[in-house]
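A short write-up of the structure that comes next.
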């Protein structure tokens with residue numbers, strides 16, 4: 001078995017970094033200390049790296065807790081490289097009894113929405129020897145939005161209230177609000193919770209012709225975000241028409257409902273007063289992850305799980 005290490009905490013500056021080691025005698029190689037008793041923590045020094053807390057969890061699995069400074073991590077990585085201990089991205093969950101549980105724990109570690117937790121934990125028995133149908137695949141793709149936050153974009157003609165709606169959804173001054181068309185020159189993004197579903201939402205600049213080189217670049221970036229989006233909030237008020245768009249999954253949002261409502265809108269909102277915002281959030285959730293999918297008793301073949309796992 002080859003020796004590997006993986007970082008269990010984000011690779012950013014922090015107080016503590018946790019590293020998992022795999023392989024026979026890997027902890028001994030790094031620390032120079034032997035006679036490790038399973039489950040007993042020890043304070044040891046890794047030469048030229050840091051003083052750390054280490055524990056041997058199983059014969060071939062150990063954890064090291066060192067200071068989370070970026071330089072400390074670089075020194076640790078250099079030591080592992082010198083000892084031919086390879087860095088890997090996959091985590092080995094020693095509490096998992098089979099490949100299905102391993103996949104579930106991996107999905108839980110990155111799940112963005114709270115609603116994913118109970119649903120993932122209920123899949124262990126359901127996935128045993130299960131073969132997905134076409135309907136299962138389609139439903140599972142929708143449920144995967146509970147693990148990986150879907151992209152939602154606000155799209156509409158200038159001065160239809162895109163930025164005001166963005167601020168109402170994020171509950172803070174995320175976007176610049178101004179009555180002049182083109183006030184939003186760049187795509188502005190935020191992560192929000194829509195009735196239990198976490199989404200990344202973007203306020204896009206109006207797609208219009210412009211002689212401004214910087215604005216042209218901003219619009220090009222916004223168009224890329226639009227193409228990658230999972231859902232479009234297409235907005236219009238009583239004075240403007242819907243902006244033409246090609247996405248199949250869209251919600252027609254009538255804005256400025258205090259001034260009048262559109263009969264062809266799916267949802268009406270007044271972003272300045274908050275009227276209709278909870279209904280819009282619920283609509284976003286139901287469109288991306290229908291409640292019927294959550295309540296379905298069939299297995300969820302989530303991202304990271306392979307049907308051959310048993």
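Read-outs throughout are calculated quantities, based only on the coordinates presented, and are distinct from any laboratory measurement. On a predicted model such as this, the values are computed, not experimentally measured, just so you know. So basically every Cβ, Gly included, is an ideal-geometry build from the backbone, and we count neighbours across all protein chains shown.
A few points about this structure:
- C-alpha long axis of helix 99-110 to longest principal axis of the chain, angle in °: 60 degrees
- Volume per residue of the convex hull around the Cα atoms, evaluated for region 49-135, comes out as 173 Å³.
- Look at the alpha carbon pairs under 8 Å that are at least 6 residues apart: their mean separation over the length of region 254-310 gives a relative contact order of 18 percent.
- Folded to 0 to 90 degrees: helix 70-82 orientation relative to the chain principal axis, Cα: 50 degrees
- For region 16-56, projected area of the alpha-carbon convex hull averaged over all directions, nm²: 2.9 nm²
- In the chain, the longest principal axis of the Cα atoms and the axis of helix 277-288 are about 60 degrees apart.
- FRET efficiency for residue 72 and residue 220, using Cβ-Cβ distance with R0 set to 45 Å, rounded to 0.05: 0.65
- Sorted largest first, the principal axis extents computed over the alpha-carbon atoms of region 4-87 equal 31, 24, 21 Å.
- Diffusion coefficient, µm² s⁻¹, Stokes-Einstein with Kirkwood Rh over alpha-carbon pairs of the chain at 25 °C and 0.890 mPa s: 108 µm²/s
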